[in-house]
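Peer 1: Before I ask anything, let me first share the structure, which is written out below as structure tokens.
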Amino acid sequence: MSVSELNTIDMAEVLTYAYELGDMINASAEVADYLYWKQAVDNDPEIQALVRKLEAKKELFEETQRFGHFHPNYHSAKDEVSAVEAELEQFEAVVRFKAAEKKLDDLLFKMSEKIAFSVSDTIKVPNNNPLPTRGCASGGGCKCG
């Protein structure tokens, strides 16, 4: 058996395990909770009206951001976005959806981290945290670059 055939067999096995892992994640309580609250948010006309309003306010704010604090409507546009976000936070479905989304994101990050660090403990693992905690650029003992 050649090296390329051995690598092909190993890659097929890795892909099989990856699909199995994906199936297990999809069958998890975290995914079920996320999908339940996502559907609740998607099916609530009042929430959807506020989501559309928020998108419009964000669009206006993005236009003012080109000039930053110097734009005459910058602060009012920013305040309007915050006000609509606060309105959305009044809905239990939105709060629960965000919590479920965070919980699922944390699960996926922990799994990604476990896989990456089983290869090398200096691998960067993408996440939503702007301050890395491990791997390159974390201030650790990595000898990269």
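Peer 1: Of the residues in region 79-95, how many are farther than 29 Å from His69 by Cβ and either in contact with an Asp or Glu (Cβ under 8 Å, 6 or more places away or on another chain) or small (Gly, Ala, Ser) (or both)?
Peer 2: So the answer is 3.
Peer 1: Then there is this: If you go through region 61-76 one residue at a time, do you hit one that is hydrophobic (A, V, I, L, M, F, W, C), at pLDDT below 95 and surrounded by fewer than 15 Cβ atoms within 10 Å (Cβ to Cβ)?
Peer 2: Within region 61-76, the first condition is being hydrophobic (A, V, I, L, M, F, W, C), and the residues that meet it are 61, 67, 70.
So of that shortlist, the ones also at pLDDT below 95 come out as 61, 67, 70.
If we keep only those that are surrounded by fewer than 15 Cβ atoms within 10 Å (Cβ to Cβ) as well, we get 67, 70.
Yes, region 61-76 has at least one match.
Peer 1: What is the one condition in (1) in contact with an Asp or Glu (Cβ under 7 Å, 6 or more places away or on another chain); (2) modelled with pLDDT under 90 that Asn127 does not satisfy?
Peer 2: (1)
Peer 1: A follow-up question, please. Could you give me the residue pairs with C-beta distances under 7 Å whose first residue belongs to region 92-118 and is of a type in the set (Asp, Glu), whose second residue is at pLDDT 90 or above wherever it lies, and which are 6+ apart or on separate chains?
Peer 2: Pairs that qualify, where the first residue is of a type in the set (Asp, Glu) and the partner is at pLDDT 90 or above, are Glu101/Tyr34.
The values are calculated or read from the model by the stated rules, or taken from the named source; none is laboratory data. Small disclaimer: the values here were computed from a predicted structure and weren't measured. Cβ coordinates were reconstructed from backbone atoms using ideal geometry, including for glycine residues, and neighbour counts include every protein chain displayed.
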